[in-house]
Amino acid sequence: MDRYLENKVAVVTGASRGIGRAIALELARCGASVVVNYNRNAEAAAEAVAAIEAEGGQSIAVQADVGDFEQAKRLIQTAVDGFGRIDILVNNAGTTRDQLLMLMKEGDWDDVLRINLKSVFNCCKAAARSMVRKRRGRIINISSVSGIAGQGGQTNYAASKAGIIGFTKSLAKELGPRNITVNAVAPGFIPTDLTADLPEELQQKAIESTPLKRMGRPEEIAYAVVFLASDKAAFITGETLTVDGGLVM
Ligand code: NAP
């Protein structure tokens, strides 16, 4: 196995389940020590840590609602206190409150923007100082094809994910001179708890519209993230890499 992230410290938000869990495991397989962040699901986070340790990796779980600035600060501080620094930040935590705009409650808009977009501001702001001090860092923000192409019933979600892309480009310009890269990954349709409630008909439609004629696997998002986190991606910044089977090319 290629352990090209040996001695690196990574924080993955929302790593108790789904795509975040796959990212945490893959980073650890490549040698990184991984902070597994979760919000509510302590049991799943403990299981993710145990899975990393079972493969010989180093990991701790840290509870924090990353949509809250003080909690995000505590998460990053715990990583720095525990491992001495932070080299890789993956802003993955996310949620949906799908509804047509005419029926969408203000709270559904606010919750999604807070959890999906403000969390990225919170964690980047908290982690930037440590990275700038070391003049090295990798930030990877998980966007979505919805933020690129839009999706009916997802004005809140698509706005948060499009916001991540603009944020990523702007921060890449700010932090580039400090040798810190900032990129986004935009997954297509991946079966996780987030998509489990989508009607079968919509799932089939998504597969039909995907040139590769299948859903992606969480691991396939993780491979892209690990690449962007590595030295091999040192000259890539401000980019949004779609990993979607060709859905929005
Ligand atoms: P998921 O299975 O529902 O997992 C969501 C994760 O986010 C969980 O670990 C959850 O923690 C965590 N989380 C939620 N709110 C949080 C908060 N306020 N603070 C900290 N952690 C929080 O979702 P997923 O499908 O893996 O999605 C991961 C990311 O990929 C999201 O940003 C999503 O928008 C994006 N994405 C997914 C797809 C897809 O098809 N699945 C497509 C495009 C983009 P708890 O377990 O503690 O609740």
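Summary table below
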{"quantity": "Of residues in the range 75-94 being crowded, with 24+ Cβ neighbours inside 10 Å and of a type in the set (Val, Ile, Thr), the one nearest to ALA229 (Cα to Cα)", "calculated": "ILE88"}
{"quantity": "Single condition VAL185 does not satisfy, out of (1) within 15 Å of the ligand (Cβ to nearest atom); (2) assigned to a helix (DSSP H, G or I); (3) β-branched (Val, Ile, Thr)", "calculated": "(2)"}
{"quantity": "Residue list for the range 1-37, restricted to those being on the phi > 0 side of the Ramachandran plot and either within 7 Å of the ligand (Cβ to nearest atom) or touching an Asp or Glu at 6+ places or on another chain (Cβ under 6 Å) (or both)", "calculated": "GLY14, GLY18, GLY31"}
{"quantity": "Of the criteria (1) touching a helix residue (DSSP H, G or I) at 6+ places or on another chain (Cβ under 7 Å); (2) touching a residue at least 24 places away in the same chain (Cβ under 8 Å), which one GLY176 fails", "calculated": "(1)"}
{"quantity": "Hits in the range 158-182 - residues which are more than 22 Å from GLY67 (Cβ to Cβ) and in a strand (DSSP E or B)", "calculated": "ILE180, THR181"}
{"quantity": "All positions within the range 74-98 that are within 13 Å of the ligand (Cβ to nearest atom) and of a type in the set (Lys, Arg)", "calculated": "ARG74, ARG97"}
{"quantity": "Subset tally (residues that are touching a strand residue (DSSP E or B) at 6+ places or on another chain (Cβ under 9 Å) and either at pLDDT below 95 or aliphatic (A, V, I, L, M) (or both)) for the range 227-249", "calculated": "9"}
{"quantity": "Pick from the range 95-132, criterion free of Cβ contacts under 8 Å to residues at least 60 places away in the same chain and of a type in the set (S, T, N, Q), ranking: surrounded by the fewest Cβ atoms within 10 Å (Cβ to Cβ)", "calculated": "GLN99"}
{"quantity": "Residue in the range 49-62 that is within 12 Å of the ligand (Cβ to nearest atom) and either in contact (Cβ under 8 Å) with a residue 12 or more places away in the chain or closer than 30 Å to TRP109 by Cβ (or both) present", "calculated": "yes"}
{"quantity": "Output for the range 182-204, where each listed residue is surrounded by 14 or more Cβ atoms within 10 Å (Cβ to Cβ) and in contact with a helix residue (DSSP H, G or I) (Cβ under 7 Å, 6 or more places away or on another chain)", "calculated": "VAL182, ASN183, ALA184, VAL185, ALA186, PRO187, PHE189, ILE190, THR192, LEU194"}
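Residues checked against (1) near the ligand (Cβ under 8 Å from one of its atoms); (2) in a loop (DSSP other than H, G, I, E, B); (3) within 14 Å of the chain's Cα centre (by Cα):
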position: ILE190; (1), (2), (3): yes, yes, yes
position: GLU201; (1), (2), (3): no, no, no
position: GLU208; (1), (2), (3): no, no, no
position: ARG214; (1), (2), (3): no, yes, no
position: GLU219; (1), (2), (3): no, no, yes
position: ALA222; (1), (2), (3): no, no, yes
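The values are calculated or read from the model by the stated rules, or taken from the named source; none is laboratory data. The structure presented is a predicted model; accordingly, all values stated were derived computationally and were not measured. For neighbour counting, all protein chains shown are included, and Cβ atoms are generated from backbone atoms with ideal geometry for every residue, glycine included.
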